[in-house]
Amino acid sequence: MASIRKEIVIDTGIETAWKALRRVAEPHTLFAPVLTGAVIVDDVRTVHFANGMTVREQILDVDDERRRVAYAVLDSPTLTYHHSSMQVDIAGPGRCAFVWITDFLPATAASGLQPLIDQGAEAVKRNLEAPASTPRASAARPT
């Protein structure tokens with residue numbers, strides 16, 4: 001079995017990161033622009049990628065104690081097995097480590113999965129580090 005592990009340090013607190021990661025029905029907000037949409041029914045999530053790909057994933061676990069989400073891809077035309085987990089850990093004051101582990105078969109699928117994982121991790125970092133937008137006071141007040 002092949003495995004890809006991606007770890008990236010993010011300049012945001014662990015609680016902020018976990019709050020975003022645990023919202024498994026809204027991965028397209030955390031992983032934008034790599035993901036463009038998602039729909040979840042029971043424990044099966046359908047995610048839409050910017051490259052046009054659509055994937056069905058079964059949510060296996062949302063673990064608040066370990067700040068970890070686990071899922072498996074269903075019905076893949078190229079994978080015979082897929083399991084991933086994403087978790088956030090403390091990496092210092094105001095920082096966290098985002099850890100994404102993907103196990104899969106066949107091993108030859110790594111060349112297609114690695115770029116998506118790299119792009120997804122960078123999107124998470126960018127989206128979590130983005131300053132919160134604040135409305136301009138002058139635009140919000142009627143004159």
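Each residue of the stretch 96-105 is assigned a 3J(HN,Hα), and the resulting list reads 9, 9, 9, 10, 10, 10, 10, 10, 7, 9 Hz, derived from the Karplus form 6.51 cos²θ - 1.76 cosθ + 1.60 (θ = phi - 60°), x at Gly and Pro. Phi angles of the stretch 32-48 translate, via the Karplus equation with coefficients 6.51, -1.76, 1.60 and θ = phi - 60°, into HN-Hα couplings of 5, x, 5, 9, 10, x, 7, 9, 10, 10, 6, 10, 10, 10, 10, 10, 10 Hz per residue; Gly and Pro are given as x.
Quick one: if the Förster radius is 35 Å, what FRET efficiency do A2 and D42 give, using the C-beta to C-beta distance and rounding to 0.05? Kindly include the intermediate steps, with their values, before the conclusion.
Values: r = 29 Å, r/R0 = 0.83.
So the FRET efficiency works out to roughly 0.75.
Positive contributions from Lys and Arg (+1) and negative ones from Asp and Glu (-1), summed over other residues with Cβ under 10 Å from the Cβ of I10, come out at +1.
Each residue of the stretch 111-125 was assigned a 3J(HN,Hα) from its phi angle through the Karplus expression (A = 6.51, B = -1.76, C = 1.60, θ = phi - 60°), giving 5, x, 7, 4, x, 5, 5, 4, 5, x, 5, 5, 5, 4, 4 Hz with x at Gly and Pro.
In the neighborhood of K125, defined by Cβ-to-Cβ distances under 13 Å, what is the net charge if each Lys or Arg adds +1 and each Asp or Glu adds -1?
Values: positive: K6, R95, R126; negative: E7, D11, D118, E122, E129.
Charge balance in the 13 Å sphere: -2.
Our Cα-only numbers for the stretch 1-123 put the radius of gyration and Dmax at 13.9, 43 Å. Projecting the Cα positions of Q119, L60, T46 onto the charge dipole of the chain (unit charges on Cβ atoms of Lys, Arg, Asp and Glu, taken about the Cα centre) puts Q119 furthest along the positive direction.
Summarising the amide proton neighbourhood of L60: residues at separation of 5 or more, or on other chains, whose placed amide H is nearer than 5 Å comprise A70, Y71, A72. When the chain is treated as a Gaussian network with alpha carbon springs shorter than 10 Å, the biggest mean-square fluctuation among P93, P77, P33 belongs to P77. Amide H contacts for Y81 (H built 1.01 Å from N in the peptide plane; partners 5 or more residues away or on another chain; cut-off under 5 Å): L105.
Roughly speaking, what is the stretch gain from E15 to Q114, that is 0.36 nm per residue apart minus the C-alpha to C-alpha distance, in nm to one decimal? Before the final figure, lay out the partial values.
On the way: separation 99, 0.36 × 99 = 35.64 nm, distance 2.71 nm.
Length gained, E15 through Q114: 32.9 nm.
Highest-first packing order for the peptide set 38-47, 65-74 is 65-74, 38-47, based on the mean count of other beta carbon atoms within 10 Å.
Read-outs: derived from the displayed coordinates by stated rules, not from any lab. Since the structure is predicted, the reported quantities are computational estimates derived from the model, not experimental observations. Cβ atoms come from the backbone with ideal geometry, glycine included; neighbour counts cover every protein chain shown.
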